[in-house]
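The block underneath contains the structure these notes are about, expressed in C-alpha cells.
The values are calculated or read from the model by the stated rules, or taken from the named source; none is laboratory data. These numbers come from a predicted model, not from an experiment. Backbone-built Cβ (ideal geometry, glycine too); neighbour counts: all protein chains shown. Areas reflect the complete protein model, heavy atoms only, side chains present, ligands, DNA and RNA absent. Shrake-Rupley method; radii C 1.70, N 1.55, O 1.52, S 1.80 Å.
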Amino acid sequence: MEASVPNEPPSFEQAMLPHLDAAYNLARWLLRHEQDAEDAVQEAFLRAYRAFGRFRGGDGRAWLLTIVRNVCFTQLRRNHPSVVREVFEDDLHGSTFDPGEVNALVWRETKAAQLQLALDKLAPEFREVIVLHEIEGLAYREIALVSDIPIGTVMSRLARARRKLQTELQALARKETTHGL
Amino acid sequence: MDCNEIRRLLEAATDGELDVAHQLAVEEHLGRCPLCARAVEGIHARRTALQTALPRFTAPPALAEKVRSALRNEGAPVRTSASQSKRADVFPLWRVTGLAASLAMALFVGYTWGGSRVRTQALVDEAVSDHVRSLQANHLMDVASTDQHTVKPWFAGKLAFSPPVTDLAGVGFPLVGGRLERVAGQDAAALVYRRRQHAINLFIWPARREAAPPVTRERDGYNVVSWTDGSFNFLAVSEIPAVELADFAEEIRQATP
C-alpha cells in the first residue's frame, strides 16, 4: 500500500493535496473555528494517507471530504454533544418533504452577514449539505458519497436545510426590525 | 403533471439534477404557469443570495506546509515543492473567475429559462457522451501528434474553419492529437489533451450561429466547462477534477488570442 511506487500515478499528494481548500472550507463551516478546522484538516489528511490503499481512484475530492466530515462530526460530538443530534427525521420521511414556498423578498433583501449567521445556526447536518452544494458546488450524487446517505435523503435534507435557512433569516430580520424601532 | 408534482421537482430542476424528460416537463409547465414560474424566481433569488453571501474559506497558507510536514513524519513521499504553493497563490484568482462564471451562469439560467436552457443541457449531454464514446470506442484521435503544427494543418480541408490549436505541455496539459466531431449540429474540431492518465476533449466550433453559454457543471462524473470568445465556441470535458479542468480552460483562454 506504499504510495511511493514509481510510475503509479496519481500519488497521494497529487490526488489529495489539490483538495486542501475544499477540506478546509468544509471543516471551517462545520466547526466554526479556525484553529479547530486546521487541526481537523491535518488529522483528516493523516487518516486519508493511512487509508489511501483503499482509494480506488475516481472522485478524490468526495473521498477526502468524507474523512474530513467524519473527523469534524467526531469532534463536534465530543466537544458539543448538545449540538449534534442525529437528523433521523428526513431519513424516515425522505419522500414526503415539501419544499414550501421560497420567499423571494427575504432572499433579495438579506445581507451577507445575516445569511452567514443564519447558516451558523443550523444543525451541522443541515449546514453540511448547504456548504457542499451551494459553496463547494457538489452534485447530489457527490454529496451522497461524502455524507454516506442515499440520494433521496440528500434531496430532502437539502430542501429542509434551505427552508430552515429561510426561517432563520426571517427570524433575524424580525429581530433587526424590533431593535431598529 | 400538475402544479403539486412540478413543485416537488423544482428544486432538483434548478439544481440541474433532473433527467432530460422531467426537465422538459418542468420547463413546459413553467412556460404556461405563472405561479410556478414565480416560485422559480424565488429559488433563483435564493441561489444568488447564497452564492454571493457565503464565503468559501481558503486554507491559510501555513496549513499546506503543516499538512505536508505531518505527512512526511508519517513517511509519505511528499515534496517540499514550491510549485504547489505557487498553485495555491493562483487559486483565489481562479475562484474569482469561477464565481464570475457561476454568476454569469445564474444570470443566464435566470434570464433565458426556456429554450436556451434545454439547449445548454443538450449540449452538455452531447459533449459528455462524445467524450465517453471517444474513450470507449478507442477512437480518441484521428491524428495522433504532440505537435500543434501537425494537428492544425490536419484539420484544413476537413473543416470549413481553422481551429486555434495550442499545446499546453508546458503547464501540464500536453496535446496528444485531434479528430472530427459534430457538436450542436455543427462540425467541430476535437482536440485531445492529457492530464496524467486522463484525456481531456476540447471541442471547438464557430460561434457565428450561436454562442456557447458559459457553463461549468458536472454530469455523471465528468466535468464540463464551456465558453466563447466571439469567434469560436469552446467546450472542455474530462473526468479530471473540476478545479483542474478550470485551470485548463483558463490556460486555453490565455493562449487563444
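Odds and ends about this structure:
- Residues that are under 21 Å from A:Asp36 (Cα atoms) and hydroxyl-bearing (Ser, Thr, Tyr), drawn from region B:59-80: B:Ser69
- Answer residue from region A:127-139, given it is open to solvent by 10 Å² or more (accessible area, probe 1.4 Å) and assigned to a helix (DSSP H, G or I) and is farthest from the other protein chains (Cβ to nearest Cβ) among those: A:His133
- Residues in region A:13-57 that are open to solvent by 40 Å² or more (accessible area, probe 1.4 Å), within 20 Å of the chain's Cα centre (by Cα) and more than 28 Å from A:Ser82 (Cβ to Cβ): 1 in all.
- When A:Ala171, A:Ala159, A:Ala144 are checked against the criterion of being open to solvent by 30 Å² or more (accessible area, probe 1.4 Å) and assigned to a helix (DSSP H, G or I), A:Ala171 stands alone in meeting it.
- Some residue of region B:200-219 being at positive phi and away from chain A (no Cβ under 14 Å): no
- Residues of region B:53-69 classified as more than 7 Å from chain A (Cβ to nearest Cβ) and either in contact with a Lys or Arg (Cβ under 7 Å, 6 or more places away or on another chain) or open to solvent by 40 Å² or more (accessible area, probe 1.4 Å) (or both), total: 5
- For region B:132-146, the condition holds for no residue, the condition being that it is open to solvent by 60 Å² or more (accessible area, probe 1.4 Å), in contact (Cβ under 8 Å) with a residue 60 or more places away in the chain and under 22 Å from B:Ala255 (Cα atoms).
Residues are listed down the side, and each one gets a yes or a no for (1) more than 25 Å from A:Thr74 (Cβ to Cβ); (2) not aliphatic (A, V, I, L, M):
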site	(1), (2)
A:Glu134	no, yes
A:Ala139	yes, no
A:Ile143	no, no
A:Ile151	no, no
A:Ser156	no, yes
A:Arg160	no, yes
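- Entirely in region B:153-217, the strands (runs of 3 or more DSSP E) that have 3 or more residues that are under 27 Å from A:Gly137 (Cβ atoms): B:186-195, B:198-206
- Any hit, region A:95-108, residues being at pLDDT 90 or above and at the interface with chain B (Cβ under 10 Å from one of its Cβ atoms): yes
- Single unsatisfied condition, A:Val154 versus (1) over 30 Å from A:Phe55 (Cβ atoms); (2) modelled with pLDDT of 85 or more: (1)
- Filtered residue count, region A:25-64, keeping only those that are away from chain B (no Cβ under 12 Å) and closer than 18 Å to B:Ala59 by Cα: 1
- Boolean, B:Arg196 is among the charged types (D, E, K, R), more than 21 Å from B:Gln254 (Cα to Cα) and open to solvent by less than 10 Å² (accessible area, probe 1.4 Å): no
- Among the criteria (1) touching a helix residue (DSSP H, G or I) at 6+ places or on another chain (Cβ under 7 Å); (2) open to solvent by less than 40 Å² (accessible area, probe 1.4 Å); (3) small (Gly, Ala, Ser), the one B:Ala184 does not fulfil is (2).
- Among the candidates B:Asp19, B:Asp15, residue that is charged (D, E, K, R), over 30 Å from A:Asp39 (Cβ atoms), surrounded by fewer than 19 Cβ atoms within 10 Å (Cβ to Cβ) and more than 11 Å from chain A (Cβ to nearest Cβ): B:Asp19
- Of all residues in region A:114-126, those satisfying the criterion of being facing chain B (nearest Cβ under 8 Å) and among the aliphatic types (A, V, I, L, M) are A:Leu115, A:Leu119.
- Among the residues making up region B:207-249, those that are open to solvent by less than 40 Å² (accessible area, probe 1.4 Å) and touching an Asp or Glu at 6+ places or on another chain (Cβ under 7 Å) are B:Gly221, B:Ala242.
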